[in-house]
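What follows is one structure encoded as structure tokens, with my remarks underneath.
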Amino acid sequence: MHFDEQKPLDIVLNDLFNHYRSHVADVSTITNALLKNGVINAQEDIVNDHIAFRTLGVPHLGIRSFEKIFLAYGYTRRDYYHFEEKKLHAYWYAPPTPNYPRIFVSELIVSALSLEAQQIIRKYTAPIVEDPVDKLDLANGEEVASFLQTPLWELPTSEEYKRLLAESEYAAWVIYNRYYLNHYTISIHELPDGYNTLEEFNAFVESLGITLNTAGGKIKTSEDGLLRQSSTVSTLYSASFSDGETLEIAGSYVEFAERGPLPEFSKVPKGQLKREHRRDGFETNNADKIFESTYTTQIKKDR
Ligand code: OOG
Ligand code: NI
């Protein structure tokens, strides 16, 4: 690439975040409470551990299409994850410099769904006969930002949505929400004492009246014990479908991650710990449960 990657990347990330914040009320609720309690002085004081996107594994879409945007901006593809039961693949991407968030991109293995569900998805995606990312000028941050908010396919009917939902909550989420930012993630270990353990932070979030995802327990812990994650449950929003029906459907959520120091850096004083000293990447079993933050089973559990 022959352009300065960081400027378009900044434009794209800021635009994604602004749309996300305006749709997900819990984002501002948490930020405002942290401001009020004097924990941070501005949204920018929150370190964004990672952001996540969902895609459909069909020709010209999916991870291999979506990743081109962030590879062009200096991101590097890292580990592969597979979610057998949810029929998903995923990769994470390391940022060009540590001041940018990691990115987690997943993809539905459409061919593993029932023929009926596949037909619904293919009905909407079949008109896409070339990779839409190839047509973008990636040096133009505004163009890429607006692409990420522009539908690539027509709205489904409410019946089709419900049919997908019954088989794959992920499929239903993507057919409606497309490339919307799925979540951003607050780095808990970067916050001051009183807020920098997941136990404390979860208690704070719940004190704001926000519901946490309980799939696999509120705190999901990696096998090495060093990556601990929690997330909110998506709130519902009113979505209009092509048949004129309106349904309350899941949108995006907020995640919290606590990354402990790697064994070789366990003696580094807390104030000197940098990102490279801490556990990196993701964990299949944690992620498997975090996906359920948009699932009806989590959203309806307290109703
Ligand atoms: C992503 C779920 C996985 C993580 O940090 O492990 C995840 C999603 O819900 O699309 O975010
Ligand atoms: Ni996440």
In Å³ per residue, the alpha-carbon convex hull of the chain encloses 134 Å³
Could you name the aspartates and glutamates in cross-link range of Lys301, using Cα to Cα under 16 Å and dropping any fewer than eight places away on the same chain?
Glu169, Glu206, Glu248, Glu292
Cross-link partners among lysines for Lys135, C-alpha distance below 26 Å, same-chain residues fewer than 8 apart left out?
Lys7, Lys68, Lys123
Could you state the angle between the C-alpha long axis of helix 25-36 and the longest principal axis of the C-alpha atoms of the chain, as a value from 0 to 90 degrees rounded to the nearest 10?
20 degrees
Residue separation between Asp131 and Thr29 times 0.36 nm, minus their alpha-carbon distance, gives in nm 33.0 nm
Describe numerically, in nm with one decimal, the distance between label points set 7 Å from Cα along Cα→Cβ at Asn99 and at Asp45.
1.9 nm
What angle do you read, to the nearest 10 degrees and between 0 and 90, between the alpha-carbon axis of helix 198-207 and the longest principal axis of the chain?
70 degrees
Approximate spin-label separation Asp193-Arg64, in nm, with each point projected 7 Å along Cα-to-Cβ:
5.3 nm
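Subtracting the Cα-Cα distance from 0.36 nm times the residue separation, let me have the gained length for Ser114 to Thr76 in nm, one decimal.
Working: separation 38, 0.36 × 38 = 13.68 nm, distance 3.36 nm.
Going from the current span to full extension adds 10.3 nm.
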Could I have the simple spin-label model distance between Lys123 and Glu206, label points 7 Å from Cα toward Cβ, reported in nm to one decimal?
4.3 nm
Residue separation between Lys300 and Lys270 times 0.36 nm, minus their alpha-carbon distance, gives in nm 6.8 nm
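Just from its helices, what would the mean residue ellipticity at 222 nm be for the chain, if runs of 4 or more DSSP H residues each count -39500 (n - 2.57) and the sum is divided by every residue, rounded to the nearest 500 deg cm²/dmol?
Helix contribution divided over all residues of the chain: -9500 deg cm²/dmol.
Values quoted throughout were computed directly from the atomic coordinates according to the rules given, and no laboratory measurement underlies them. Since the model is a prediction, treat every value here as computed from it, not as a measurement. Here the Cβ is made from the backbone with ideal geometry for all residues, glycine too, and neighbour counts use every protein chain on show.
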